[in-house]
Amino acid sequence: MLTPEDITGTLLRERLALTAYISTVTRDFHLAEDIFQDVCVKAVGRASDFDSPAHVMNWARVAGRHRAIDVLRTRDGKVVGLSEEMLAALEPVWPEGDAAQSTPALEALRKCIDRLTPNNQEIVRLRYFEGRAGAQVADAMGRKLETVYQALARIHKNLADCVRLRLTSEPR
Amino acid sequence: MNTPPQPDEAFFLRVMRWQDGTLTAEETAVLEEEMLASEEKRRVFAEWQVRSLQINELLRREAYAGGEKVVPPERHGSRLRFLRWPLAAAAALAVAYAAASYFHPEVASAGSPGLASVTYDAAAEWDGGKSPGSGRMAEGSYSLASGTVRMTLTHDGTVATLAGPARFDLVAPGHIRLHEGRLSAQVSRPDRGFTVFTDAATVLDRGTVFGVDVKADGEAQVSVLEGMVDVHPPGSREMTRIEQGGKLLAHPRRKQQVQPAADVVRGFEDLWPLTLGVDEVSHLIEFVVPQTRHRWNDYRSNTRLYLMPERQRVTTGSPLLLDVTPAGAADPKKLQAGGYPLAAGTRVSSFLLFFRPEENPLALPVDISGSITFSQPVLGVIAGGTRLIQSDDLLGHPRVVYRDKPRRGIEKGRKQEGRDIVRISRDGRRVFFSLHATADPDEFRVLVAAP
């Protein structure tokens with residue numbers, strides 16, 4: 001049986017990965033963060049039900065997914081998104097805590113973002129900091145939507161390669 | 001070991017459109033089908049999602065690294081539910097606090113510059129003893145009982161003016177939550193972003209001058225004087241863009257109403273000048289909101305000089321000739337024929353002041369005199385008809401038609417007692433005027449240094 005402290009520690013270690021998973025339903029990072037906190041409250045409230053950190057995470061992913069669907073259904077009257085089958089199939093391949101939010105991983109990503117061209121940094125900022133949709137990014141930058149999508153695809157690929165290289169080559 | 005083949009471009013395109021919420025049901029089904037058939041695509045999709053959130057988190061940490069303790073800018077739902085499970089709440093709050101601290105590890109210190117500083121105060125009275133005594137405003141809640149206050153946000157120089165009664169929170173650099181009252185803002189650096197949260201709508205500035213008026217019942221009116229803003233309901237990403245001259249009404253429990261850009265923007269006339277950097281004006285000066293169907297004939301008065309903001313924070317592409325500078329001529333008789341050049345590349349804000357008396361069959365002269373004080377140095381005045389026309393394209397308000405304007409400039413060549421005078425004070429912040437108009441209007445353009 002886990003203590004509330006164990007559960008808190010587990011959820012904190014997996015905060016970013018779990019929030020990203022929830023955002024697969026919400027498509028809104030802020031809302032996903034709120035749902036993550038709801039899940040934390042519920043998890044700590046039923047601490048005696050869990051026998052391992054893996055158990056907590058399995059439960060938290062399902063609870064987060066269901067809670068997100070409930071919130072969207074209440075707010076919008078419907079949920080348009082990936083199916084439950086798809087969401088369940090994503091769980092086994094979902095990155096875990098260290099890969100998602102360890103200091104070296106985030107630091108590597110930060111350095112890789114710094115290496116992007118100013119133009120690509122602006123696309124990244126508009127899309128992922130301001131939360132603008134692709135069409136709004138294109139509008140703001142006076143580009144075609146297709147151009148922005150192509151740039152984003154390249155940016156993600158570059159960042160993935162860059163982070164991988166840094167994590168394997170830099171001394172820990 | 002063989003590396004699995006990378007997904008094709010069409011897959012990435014679908015993922016991006018899925019993130020945007022623009023995939024149709026059929027396209028979503030295609031995306032699901034290909035991901036269910038390929039573990040590599042599921043893995044790439046998962047990494048893409050996580051990386052997107054990592055980027056969001058890194059940029060938020062960077063944006064909020066201003067030396068202040070802050071909380072995430074936008075929260076949804078009530079935290080009262082925590083109280084249902086007191087023990088759980090303690091631990092969960094620890095999680096929430098730790099999560100918030102992860103974004104914002106800095107804690108406010110005595111020497112911190114705060115989130116904003118007060119740059120102008122007109123009879124401001126603060127409730128609850130929380131007043132920005134030193135002029136610095138830290139993160140927290142404020143209640144302005146009466147008066148007007150103008151503040152400059154530390155992170156990017158955005159100017160926000162609030163009229164009491166107003167209740168607001170400074171929640172993070174560039175983020176204000178307005179519970180009630182009127183706020184107008186001019187964003188200094190659109191690339192840094194400025195956001196106003198209300199219970200009815202979230203307003204994202206896109207480089208503009210705009211106003212938000214929140215009533216006691218939570219209804220919010222967003223009006224755009226210049227530029228554009230994006231508005232979305234709290235918790236939603238469905239943006240509505242409001243162009244200059246437009247207005248949006250939002251209520252926490254009702255549908256948003258957008259009014260077209262042709263509407264006259266009203267409700268902030270007292271705040272716009274302060275927001276734009278006009279500190280004090282004679283009681284004779286009346287602020288004019290630029291309109292698409294601006295009709296010069298509507299502005300006739302024997303006792304009013306009209307002040308209309310024109311282009312703000314524009315950079316001159318070539319040298320501009322001024323008729324009056326702080327060290328230059330005081331009256332039209334002494335206007336230097338060649339003008340005083342203002343260097344190319346200077347960043348200026350422009351204001352047009354005009355005086356047109358009512359119809360006057362006897363052509364009796366009408367006099368008006370006073371002053372106007374700006375928060376930034378006055379670089380010069382354009383008062384000659386030709387130079388006004390030549391500078392309309394660069395400095396004139398884009399929505400206002402100037403070509404049907406009657407005779408331009410201030411009058412010259414008359415006797416000393418009837419001569420128009422426009423002068424800039426020694427400290428360079430104030431413009432004095434003494435105008436004598438008959439049937440013809442008087443008009444001059446003031447150029448102020450833009451921060």
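Scan region A:60-71 and tell me whether some residue there is of a type in the set (D, E, K, R), within 7 Å of chain B (Cβ to nearest Cβ) and closer than 23 Å to residue B:20 by Cβ. Scanning region A:60-71, I find no residue that is of a type in the set (D, E, K, R), within 7 Å of chain B (Cβ to nearest Cβ) and closer than 23 Å to residue B:20 by Cβ, so the answer is no. When the test is whether a residue is touching a residue at least 12 places away in the same chain (Cβ under 8 Å) and either outside any helix (DSSP H, G or I) or open to solvent by 60 Å² or more (accessible area, probe 1.4 Å) (or both), residue A:67 passes it. Residue count for region B:153-196 satisfying the condition of being touching a residue at least 24 places away in the same chain (Cβ under 8 Å), more than 19 Å from residue B:225 (Cα to Cα), part of a strand (DSSP E or B) and open to solvent by 10 Å² or more (accessible area, probe 1.4 Å): 7. Every residue in region B:237-246 that is over 14 Å from residue B:202 (Cα atoms) and charged (D, E, K, R), please. The answer is B:243, and nothing else. Consider residue A:43 carefully, then state whether it is closer than 24 Å to residue A:75 by Cβ, within 11 Å of another protein chain (Cβ to nearest Cβ) and surrounded by 22 or more Cβ atoms within 10 Å (Cβ to Cβ). Taking the combined requirement at face value, the residue satisfies it.
When the residues of region B:214-244 are filtered to those that are within 14 Å of another protein chain (Cβ to nearest Cβ) and open to solvent by 60 Å² or more (accessible area, probe 1.4 Å), which remaining residue is modelled with the highest pLDDT? Selected residue: B:241.
For region A:10-32, the candidate set comprises residues that are open to solvent by less than 20 Å² (accessible area, probe 1.4 Å) and more than 7 Å from chain B (Cβ to nearest Cβ); within that set, the residue that is farthest from residue B:238 (Cα to Cα) is A:10.
Taken as a whole, the condition of being touching a residue at least 60 places away in the same chain (Cβ under 8 Å) and either among the acidic types (Asp, Glu) or touching a Cys at 6+ places or on another chain (Cβ under 7 Å) (or both) does not apply to residue A:107. Note on region A:118-149: residues that are on the phi < 0 side of the Ramachandran plot, open to solvent by 20 Å² or more (accessible area, probe 1.4 Å) and more than 8 Å from chain B (Cβ to nearest Cβ) total 11. Of all residue pairs spaced 6 or more apart or on separate chains, those with beta-carbon atoms under 6 Å, a first member in region B:47-63 that is within 7 Å of chain A (Cβ to nearest Cβ) and a second member that is open to solvent by 10 Å² or more (accessible area, probe 1.4 Å) and not polar (S, T, N, Q) are B:50/A:95; B:53/A:29; B:56/A:29; B:58/A:110; B:59/A:129.
Only one of the numbered conditions (1) modelled with pLDDT under 90; (2) within 30 Å of residue A:13 (Cβ to Cβ); (3) in contact with a Lys or Arg (Cβ under 6 Å, 6 or more places away or on another chain) is not met by residue A:126, and that is (2).
The values are calculated or read from the model by the stated rules, or taken from the named source; none is laboratory data. As the structure is a computational prediction, the values presented were derived from the model and not from experiment. Note: ideal-geometry Cβ built from the backbone for every residue, glycine included; neighbour counts use all protein chains shown. What goes into the accessible areas is simple: the full protein's heavy atoms, side chains included, and nothing from ligands, DNA or RNA. Shrake-Rupley method; radii C 1.70, N 1.55, O 1.52, S 1.80 Å.
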